[in-house]
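The values are calculated or read from the model by the stated rules, or taken from the named source; none is laboratory data. In this text the structure is predicted, and so the values were computed from the model without any measurement. Neighbour counts run over all protein chains shown; Cβ positions are idealised from the backbone, glycine included.
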Amino acid sequence: MKTRRRFSLAALPFLAAPVCSAADGPTFNAPYMDVPTAELLQKQFAIPAHLIPLYQIGGHFYTVSYIAELAGVERSRADRLTCFSQAPDAISTYNAIPVSIKNTFYDRTWRHQIVNSLHSLHGGDSQAVAARRSNLQRLVAASYAKGTTSDWKTGFLIHALGDSYAHVYGPFEAPHAYPEAYGHLFALFQSPDDVYAGENYRAFDVYIHALFDTLKDAQHAGERSKVDDLASIIKSNAGRGNKQDYRLISLMISLTHAPISESDCTRINAELNEADVRTFLAELTRELKAP
């Protein structure tokens, strides 16, 4: 007779990691667990569902949707970029925590490509952080210019760009990236993925302006003032916390003219092919290592 696994203390590090880890969820979200990780914990360790804190999505998904709209990206393409930018957190194959758990002693190359390259947990100093952000912004621009056939690559790169701003610690002027080995597992009180916590709004401000500048067309350059307005709104609420991301989600939905539904991503993400993604991430890893 098949028996159900009992809850084990061995699962506690994995339960804690998604709550406090830099790979825990969408960039600039409150540190709540993503669905793929929650499902893994329930299946492998029989952890009751009520003990697993799920998060909402605001940073990659709704932020990208709004910024793309301001930048003049055609609606259907903006939706594609939105879904593909969320895919690295929404799909367990590309989510840093399940990949880390499964590949710590197995496929370390894949783990490195997912955690270091895609989720920007590279452990570098302030110069490395600046270089990573600059390189990713350049790569987003180049991929976007190739047209819709590269949308999934552009979305993945946007994800990495966002994470390069969120997954850091230390002074805003001299940030250090959280390390590949354990992310921000031990940053228990800093919540680096919460845009409203502490001075995280400053990094979010720079990120949304960088994303807008990368995607905008000439006709929509004037919309940058609305990006300024968004940054001001976030700043005015700084320090109040962003419990379960509801505040950021509500704000983004209220600002976006035609917000996409999460259910639309099932169809869009069906275009992803793991073999192609593996080839792309191998190339990205080589690109990010280049001087």
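Some notes on this structure:
- Failed criterion for residue 103 (all others in (1) surrounded by fewer than 21 Cβ atoms within 10 Å (Cβ to Cβ); (2) at pLDDT 95 or above hold): (2)
- Test: residue in segment 260-275 that is outside any helix (DSSP H, G or I), crowded, with 16+ Cβ neighbours inside 10 Å, touching a residue at least 60 places away in the same chain (Cβ under 8 Å) and not acidic (Asp, Glu): yes
- For segment 132-141, a tally of residues being surrounded by fewer than 16 Cβ atoms within 10 Å (Cβ to Cβ) and either touching a residue at least 60 places away in the same chain (Cβ under 8 Å) or over 21 Å from residue 73 (Cβ atoms) (or both) returns 2.
- Any hit, segment 231-254, residues being within 21 Å of the chain's Cα centre (by Cα), surrounded by 14 or more Cβ atoms within 10 Å (Cβ to Cβ), at pLDDT 95 or above and not small (Gly, Ala, Ser): no
- Filtered by the rule that a residue be surrounded by 14 or more Cβ atoms within 10 Å (Cβ to Cβ), modelled with pLDDT of 95 or more and out of contact with any helix residue (DSSP H, G or I) (no Cβ under 8 Å at 6 or more places or on another chain), segment 143-172 gives no residues.
- Within segment 69-95, residues that are within 18 Å of residue 220 (Cα to Cα) reach partners that are outside any loop (DSSP other than H, G, I, E, B) and of a type in the set (Phe, Trp, Tyr) with beta carbons closer than 8 Å, at six or more positions or on different chains, in the pairs 70/212; 71/212.
- Screening residue 287 with (1) part of a helix (DSSP H, G or I); (2) at pLDDT below 95 gives one miss only, at (2).
- Unique residue being among the basic types (Lys, Arg) and outside any helix (DSSP H, G or I) when the list is 247, 240: 240
- Condition check for residue 117: closer than 12 Å to residue 284 by Cα and either loosely packed, with under 14 Cβ neighbours inside 10 Å or touching a residue at least 60 places away in the same chain (Cβ under 8 Å) (or both): yes
- Residue match in segment 191-211 (condition: touching a Cys at 6+ places or on another chain (Cβ under 9 Å), part of a loop (DSSP other than H, G, I, E, B) and at pLDDT below 95): yes
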